[in-house]
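A quick write-up on the structure given underneath.
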Amino acid sequence: MPRATRTPATRKRKKKFFKRAKGFRGGRSKLFRTVVETVERAMRYATRDRKQRKREFRRLWISRINAACKNNGFTYSRFIKGLSNANVKLDRKVMADLAVRNPEAFKKLVELAQKSLKP
């Protein structure tokens, strides 16, 4: 009876890790034990940072909107409150883009927010 080896399964498992470790330097892409540690850590960071990316972009959008509001003599919080009173359904990503690329349109949004805040 021939001897059964587990070579195909081992090779497949190792290849999976080495493929993910492409571009790593030194032993981090050559030595299996180091590759496993590095790849697992990288996957943990990737999972965490997918959440953090969303937070960071929201912060960026808010700061851009705030700067544009200040240029128009308004505050961010009153601007958002005014838009919600006026039933404007724009998200912060779109408003930040308007603030940067089309200041005239953003100024109209500010005026709309100002009108809806007055009694």
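The values are calculated or read from the model by the stated rules, or taken from the named source; none is laboratory data. Just so it is clear, the structure is predicted and the values come from calculations on it, not from any experiment. Please note: Cβ atoms are built from the backbone with ideal geometry, for glycine as well, and neighbour counts cover all protein chains shown.
Put simply, of Ser77, Ser116 the only residue that is polar (S, T, N, Q) and modelled with pLDDT of 95 or more is Ser77.
Annotation for the stretch 62-82: no member residue is among the aliphatic types (A, V, I, L, M), in contact (Cβ under 8 Å) with a residue 12 or more places away in the chain and farther than 30 Å from Val110 by Cβ.
The test for being out of contact with any Lys or Arg (no Cβ under 7 Å at 6 or more places or on another chain), without any contact (Cβ under 8 Å) to a residue 24 or more places away in the chain, exposed (fewer than 10 other Cβ atoms within 10 Å of the Cβ) and among the basic types (Lys, Arg) does not hold for Arg13.
Regarding Val100, is this residue out of contact with any His (no Cβ under 6 Å at 6 or more places or on another chain), free of Cβ contacts under 8 Å to residues at least 12 places away in the same chain and of a type in the set (A, V, I, L, M, F, W, C)? The answer is no for Val100. Right, Thr38: surrounded by 12 or more Cβ atoms within 10 Å (Cβ to Cβ) and farther than 30 Å from Arg101 by Cβ or not? In short, yes.
Of the residues in the stretch 45-58, not one is in contact (Cβ under 8 Å) with a residue 24 or more places away in the chain, buried (at least 16 other Cβ atoms within 10 Å of the Cβ) and farther than 30 Å from Ser29 by Cα.
Looking only at residues of the stretch 22-53 that are of a type in the set (Gly, Ala, Ser) and touching a helix residue (DSSP H, G or I) at 6+ places or on another chain (Cβ under 7 Å), we find that the one that is farthest from Arg11 (Cα to Cα) is Gly27.
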